[in-house]
Each structure stands twice: as C-alpha cells, then as structure tokens.
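S.K.: The following block contains the structure, expressed as structure tokens.
The values are calculated or read from the model by the stated rules, or taken from the named source; none is laboratory data. It should be emphasised that the depicted structure is a prediction, and the values quoted were computed from it without experimental measurement. All Cβ positions, even for glycine, are placed from backbone atoms using ideal geometry, and neighbour counts span all protein chains on display. Keep in mind that these areas ignore ligands, DNA and RNA; they rest on the heavy atoms of the full protein, side chains included. Shrake-Rupley method; radii C 1.70, N 1.55, O 1.52, S 1.80 Å.
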Amino acid sequence: MREHEPQDDDAGFECLADVPAALPPPPELEGRVIERLRSQGLLTKGAAIRRRGWLLAAVALGIFGTGVVVGRSLAVPGAAPRATYGQTYALLLYAGPAFAAAVSEREAERVAEYRGWMEGLVRQGRVASGEKLDDRFLLVGEPLPEGLEPGGLLGFFLIEATSLESAAQVAAASPHVRHGGSVEIRQVASGR
Amino acid sequence: VIESIESIEAALARFRRDRGERSFRRLYRLVTPRLWGLALRLSGDRGRAEELVQETWLRAVRGLGGFEDRARFTTWSSGILVRCWWELRRDRSDHHDPWQEEEAIEPRERRIVERLDLERALLAVAPGYRAIVLLHDLYGHTHEEIARLLAIEVGTSKSQLARGRRALRSLLEAGEPGGSDTTDTDTTDSEAMA
C-alpha cells in the first residue's frame, strides 16, 4: 500500500496546509460551559473573593508611592542619614492566601497604618526606595513554579539594614505581615 | 491583552491553583477555538459540536488531576474531545462502521459547509478516515496518540491516513463531494465556518 502513497506519512497533507485549526466558537458557549461546571461543583468562588481582595490590597498599597516621596523629599523630621546600616535589602510584598485586604470602609485606616510604619523607617534612615506594582501583568516564558501566582507580587521596598535577620525584623513589624501578607527579604547582591 | 499573550500553560497553572471561574475563563478562551474547530469538523453539526465541547470541558476539569505536565494540554483536551465523539458515534446504533462512507446518513453534516469545498469534502469522507486525517494533518497528533485515542493499532492509523488522504483528494478532484443534499442549507451555519 505504501508505494501508492504519494507523500511522506509524517508530512502534512498539502490540502490542509491553509486550513485554520482553530475556529471562533459561538460566544454563548462559554456561559453554558461555565454553568455546567458550576452545577457540578467544579468551579470555586474563590477567584471572585480574591479579586476583590486584590483590588483592595492595591488600594491599601497606594501608600507606597506617597510614602517614598515623603521619605525622599519632604525630609521627615528626625530622619537619619542613609547608609548607616551597611546593606540594602529588598522586601518583596505578596498578598498570599491569608492576606486580608482592608474592607472599603476601613481603607483610610489601613493606609494610615502603612504610612505610620513607613514614616518610622524613614526616621531611622532605612527606606531607600519603594514602589507599588500595578496589578496588570504579562507572563512570558515558562509557567511560574507551583505556589507562585502571576501578579502575586504587590510591591517592594528597598531598605537599609545591617543583616538579613535585621531586615526580617523590620519586615515582621510591618502592617503587611500583621494583616496576613507575606514578605520575602532578599539582600541586594550589589550591596555585598 | 493578557488573554492573548498569556500561554495556555500559564493559564492552566493558574486555574489548577485556584479552580476559580476567572481563571477558567482565561483558559477556556485560549483552548476552545481549537476544540471548536475539531468538534465542528468531526461532527459536522453545530449542536453536536457544542455538546462535544461542553462534555470535553466537563471531563477535562474533572480529570485535571490526571493530566501530566509532560503532555501538552491542547493535545490532552483534544484527545478527550475525540473520545467523546467516538463514544457518541458508537452509542448511536445506526453508525456501526466508522470506515464506511455515509452518503445519505448525515445530510445535516454537509449543510454547514456548503461553500467550502475542502470542508465539505472532509465531511464526505468516512468518519474514521476523517478523524485520522484531521488529527494527524490538521491538529498535529502522532500516530501513537491517534491509536490510543481511537483504540486502534498504530499500523491501522498509518494505513487509514493514507486511504483518508486519497479519498479526500479524489473528492476534491471530483469537485462535487457528497452529492447535492443541501437543499435546506442554513446559511448562518455555513458562514460560521468561513
């Protein structure tokens, strides 16, 4: 039979070369599929709750930008000069599964909490810089390792400390940890 | 923008972590166009294609624990779809032989692609051959995968691919596949394939 076959078996069939494999499905199908999965208990509602928490977390972290400006240019009274601690550390702030974002009516309270903590760091001469990250993200390359959610990093600080442990103590006292968030502390390699 | 750039693997990893509706929608939108193309071409019928895609997602989400990362999710999910289709055919008592031409048995299948000769020709090829040609030549499955999916021998997949291609080619050369049983064509269906 093979001698009658005009082409290599592994090659594609030339007739189908220009045929698109994907076709646009009917728009209403998505809702039907989701309804069916929901009715079977195959979708959790966790995502909706998390999304709300996510938004509020971003609002709460709006303090990042303003706080740093305060530290840099308003010269908080009593601020110590920089670089008395020797090393620069990055505090990476994640929402994490236990992070409780501020409910909307207490947002101002939460912002004040972060502000108070940051001003304390500025007075100690610890804050070098910090940024809140926007919640939009793109992911390219390989998927993240299990347990890391794309977009899970909310923001970061660069602070001055004498050791990794000392930086960890600073992080542990942050309102972010108090509210169930996670902070990863890493030394900036160039400061070694 | 995120949906169009995020890889299927990243969307899948996210959905596996939270099993949430939002994550599922991202994954669904990345994978379904391909499933839909396959379902429509295998079944030739929009209603049946919808059933197939729904059933495929149901089984895929249920069976996600059994999905191994070494496999591609598109391959795995289209495999589920093919098995659903194969089961559906087997359960219908009037379609015993998948290698048998079905000139007049499924006239509805031909309605949807009236103006596209190639798609029409595909639907005029016996279902078994059609599945193999589609899976191998359009959806990139290997003979080993096809053999597993359709519960046939690898050698059968190879030989039937050659036959399916010949059948398709001769239908295309004849120019008028499947006769003219398209009198009550639903034009919206045929446009949907374009």
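S.K.: Whether any residue in the stretch A:161-176 is within 27 Å of B:Arg22 (Cα to Cα), in contact with a helix residue (DSSP H, G or I) (Cβ under 9 Å, 6 or more places away or on another chain) and at pLDDT 75 or above is what I want to check.
M.R.: Within the stretch A:161-176 (the criterion being within 27 Å of B:Arg22 (Cα to Cα), in contact with a helix residue (DSSP H, G or I) (Cβ under 9 Å, 6 or more places away or on another chain) and at pLDDT 75 or above), the answer is yes, since at least one residue qualifies.
S.K.: How many of the residues in the stretch B:62-79 are in a helix (DSSP H, G or I) and either in contact with a Phe, Trp or Tyr (Cβ under 9 Å, 6 or more places away or on another chain) or open to solvent by 10 Å² or more (accessible area, probe 1.4 Å) (or both)?
M.R.: Residues flagged as in a helix (DSSP H, G or I) and either in contact with a Phe, Trp or Tyr (Cβ under 9 Å, 6 or more places away or on another chain) or open to solvent by 10 Å² or more (accessible area, probe 1.4 Å) (or both) within the stretch B:62-79 amount to 10.
S.K.: Another question, if that's okay. Any residue in the stretch A:130-159 that's within 14 Å of another protein chain (Cβ to nearest Cβ): show its pairings with residues that are open to solvent by less than 50 Å² (accessible area, probe 1.4 Å) and of a type in the set (D, E, K, R) at Cβ separation under 7 Å, as long as the two are six or more apart or on different chains.
M.R.: Every condition considered, the pairs that remain are A:Leu139/B:Glu6; A:Glu149/B:Arg14; A:Pro150/B:Arg14.
S.K.: Can you name the condition, by its number, that A:Ser182 falls short on among (1) loosely packed, with under 13 Cβ neighbours inside 10 Å; (2) under 17 Å from the mean Cα position of the chain (by Cα); (3) modelled with pLDDT of 75 or more?
M.R.: Condition not satisfied by A:Ser182: (1).
S.K.: Right, here's the next one. Restricted to the stretch B:1-32, and to residues that are modelled with pLDDT under 85 and assigned to a loop (DSSP other than H, G, I, E, B), which residue is surrounded by the most Cβ atoms within 10 Å (Cβ to Cβ)?
M.R.: Once the filter is applied, the top-ranked residue is B:Glu6.
S.K.: Okay, moving on. Here is a check on your reading of the model: is B:Arg48 within 11 Å of another protein chain (Cβ to nearest Cβ), open to solvent by 30 Å² or more (accessible area, probe 1.4 Å), under 25 Å from B:Val125 (Cα atoms) and assigned to a helix (DSSP H, G or I)? Walk me through how you get there before you give the answer.
M.R.: Working: within 11 Å of another protein chain (Cβ to nearest Cβ): no; open to solvent by 30 Å² or more (accessible area, probe 1.4 Å): yes; under 25 Å from B:Val125 (Cα atoms): yes; assigned to a helix (DSSP H, G or I): yes.
No: the conditions fail for B:Arg48.
S.K.: Count, please, the residues in the stretch A:120-176 that happen to be assigned to a strand (DSSP E or B) and under 30 Å from B:Ala11 (Cβ atoms).
M.R.: Of the residues in the stretch A:120-176, 6 are assigned to a strand (DSSP E or B) and under 30 Å from B:Ala11 (Cβ atoms).
S.K.: How many residues are hydroxyl-bearing (Ser, Thr, Tyr) and out of contact with any Cys (no Cβ under 7 Å at 6 or more places or on another chain) if we restrict to the stretch B:30-67?
M.R.: Total satisfying the criteria: 2.
S.K.: Same structure again: Please pick out the residue among A:Leu37, A:Leu29 that is assigned to a helix (DSSP H, G or I), at the interface with chain B (Cβ under 7 Å from one of its Cβ atoms), modelled with pLDDT of 90 or more and closer than 30 Å to B:Thr142 by Cα.
M.R.: Just a single option satisfies the conditions, and that option is A:Leu29.
S.K.: Taking the stretch A:152-179 as the search range and keeping residues that are surrounded by fewer than 21 Cβ atoms within 10 Å (Cβ to Cβ) and of a type in the set (D, E, K, R), which one is nearest to A:Glu131 (Cα to Cα)?
M.R.: A:Arg178
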